[in-house]
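Worksheet: one structure, shown below.
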Amino acid sequence: MNEREAKAFLRERGTGVLSLADDGVAYGVPISFGYDGDSRLYFAFVGFGERSKKSELSERTERASFVVYEANTPDDWRSVIVEGPIAEVERSDRPAAMEAFEDNAWYPSLFSEADPMQKLRIWGLRAESVSGLKGEDA
């Protein structure tokens, strides 16, 4: 898959697996994302309680990895890996993140009104590397 195809695939999808690390210990979490169509992925971390593991590990991760994939048959599949630094998005950059979320993020209905949401934090991954593979029939 060339870079143009990989970026198009990212625009089509709304979920993937974000991989973070702390001192050699990996942590992968399925998560919805927004993509600006060029060089940045955005993630919304919703806090329940004082700290979230995603936020703590994102603060310690120098270079994150994000995988998006689709597998329909053994020959019809696609996957894209994005790698780069991850950092909390500044308040002034939040409009761009919100626009990216509106374009392709997917939101599950797993948050009930009874859950005490504490804080919404927006994180961005700068795509320094975007690579993709696909099966023969993709």
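For E90, are the conditions met, namely being at pLDDT 90 or above, exposed (fewer than 13 other Cβ atoms within 10 Å of the Cβ) and touching a Gly at 6+ places or on another chain (Cβ under 6 Å)? Give the derivation first.
Numbers: at pLDDT 90 or above: yes; exposed (fewer than 13 other Cβ atoms within 10 Å of the Cβ): yes; touching a Gly at 6+ places or on another chain (Cβ under 6 Å): no.
The answer is no for E90.
Output the residue which, of all residues in region 73-89 that are more than 25 Å from D36 (Cβ to Cβ) and of a type in the set (D, E, K, R), is farthest from the chain's Cα centre (by Cα).
D75
Restricting to region 83-97, what's the tally of residues that are without any contact (Cβ under 8 Å) to a residue 40 or more places away in the chain and part of a helix (DSSP H, G or I)?
Restricting attention to region 83-97, the residues satisfying the condition of being without any contact (Cβ under 8 Å) to a residue 40 or more places away in the chain are 87-88, 90-95.
Checking the rest, the ones that are also part of a helix (DSSP H, G or I) come to 91-95.
Counting residues in region 83-97 that are without any contact (Cβ under 8 Å) to a residue 40 or more places away in the chain and part of a helix (DSSP H, G or I) gives 5.
Just to be sure I understand the filter: pairs with C-beta atoms under 8 Å, separated by 6 or more residues or on different chains, first member in region 8-26 and surrounded by fewer than 12 Cβ atoms within 10 Å (Cβ to Cβ), second member in a strand (DSSP E or B). Which pairs pass?
Close Cβ pairs (under 8 Å, with a partner that is in a strand (DSSP E or B)) amount to A26/S19; A26/L20.
Out of all the residues in region 22-74, which are farther than 21 Å from R4 by Cα and of a type in the set (D, E)? First the steps, then the outcome.
First, pick out the residues of region 22-74 that are farther than 21 Å from R4 by Cα: 22-32, 43-64, 72-74.
Across region 22-74, the qualifying residues are D22, D23, E50, E56, E59, E62.
What number goes with the only condition from (1) more than 30 Å from M1 (Cα to Cα); (2) at pLDDT 90 or above that G135 does not pass?
(1)
What number goes with the only condition from (1) touching a Gly at 6+ places or on another chain (Cβ under 9 Å); (2) at pLDDT below 95; (3) over 18 Å from R121 (Cα atoms) that F9 does not pass?
(2)
Look through region 46-71, keep the residues that are in contact (Cβ under 8 Å) with a residue 24 or more places away in the chain and within 30 Å of D137 (Cβ to Cβ), and return whichever of them is surrounded by the most Cβ atoms within 10 Å (Cβ to Cβ).
F66
Take F43 and tell me if it is surrounded by 19 or more Cβ atoms within 10 Å (Cβ to Cβ) and at pLDDT below 90.
The answer is no for F43.
The values are calculated or read from the model by the stated rules, or taken from the named source; none is laboratory data. In this text the structure is predicted, and so the values were computed from the model without any measurement. Methodologically, a virtual Cβ is constructed for each residue, glycine included, from the backbone with ideal geometry; neighbour enumeration extends over all protein chains shown.
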